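Here is the structure we will look at.
The values are calculated or read from the model by the stated rules, or taken from the named source; none is laboratory data. Please read these numbers as outputs of a predicted model, since none were measured by experiment. Methodologically, a virtual Cβ is constructed for each residue, glycine included, from the backbone with ideal geometry; neighbour enumeration extends over all protein chains shown.
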Amino acid sequence: MHRWASDTFYASLAYIAASFLTFEVLMPLQNIFFPEYPSHASLLFLPHGVRVLAAWLLGWRAIFALLPGVVIVFALIGGWDVLLPSRLLAITIAVTIVPAVFYTCKALGWDLFPRSDRKPCWLCVMGVGIITSVLGSILTNAAFGSAPAEYIAFLIGDISGLLFLMLGLHFAFRMAEKHS
């Protein structure tokens, strides 16, 4: 399989799997444990972690690698509403904001992309995730016309989802180092 096709397949598959886990497992649990929680946002939104890690690993290719998965998830959740301008804008924001922030950091002299000659700066990747969560939350909620309380819920879910996936990736890298 061509490298680009492989990246697209795995990134989109990871996004779809993270979305399924979030909406079909975590959100129902959240509703059981926090029945009065007023937002429809997840407090552990794993897809944001997939977007950040894909952009960190793939750079600008993450836009095209994630696009099929993001469109599929939006279509499964919203049906034909996926074609509404607000949904198309949200899809565009979802796939472009993280690579844009990573490349902005690089242009400012802070290259965070992984390289074989240095260890990953996990705190830096988390920082980009927080910045993109803030920007994405503001832009996406503005596109949807959401209430201000939704912004905070999006931030909590994005940051906790990213932290959860980063910890998993960190431990996977440590295990790979031990076995090599």
Being exposed (fewer than 14 other Cβ atoms within 10 Å of the Cβ), among the acidic types (Asp, Glu) and part of a loop (DSSP other than H, G, I, E, B) is true for just one of Glu36, Glu24. Which residue is that? Glu36
Considering only the range 91-122, how many residues are under 18 Å from Ile159 (Cα atoms), at pLDDT below 95 and under 16 Å from the mean Cα position of the chain (by Cα)? 3
Tell me which residues, restricted to the range 128-175, are more than 16 Å from Val101 (Cα to Cα) and among the charged types (D, E, K, R). Glu150, Arg174
Condition test on Ala41, is it surrounded by fewer than 21 Cβ atoms within 10 Å (Cβ to Cβ), among the aliphatic types (A, V, I, L, M) and under 18 Å from Phe23 (Cα atoms)? no
Restricting attention to the range 125-152, the residues that are of a type outside the set (Val, Ile, Thr) and under 16 Å from the mean Cα position of the chain (by Cα) number exactly 10
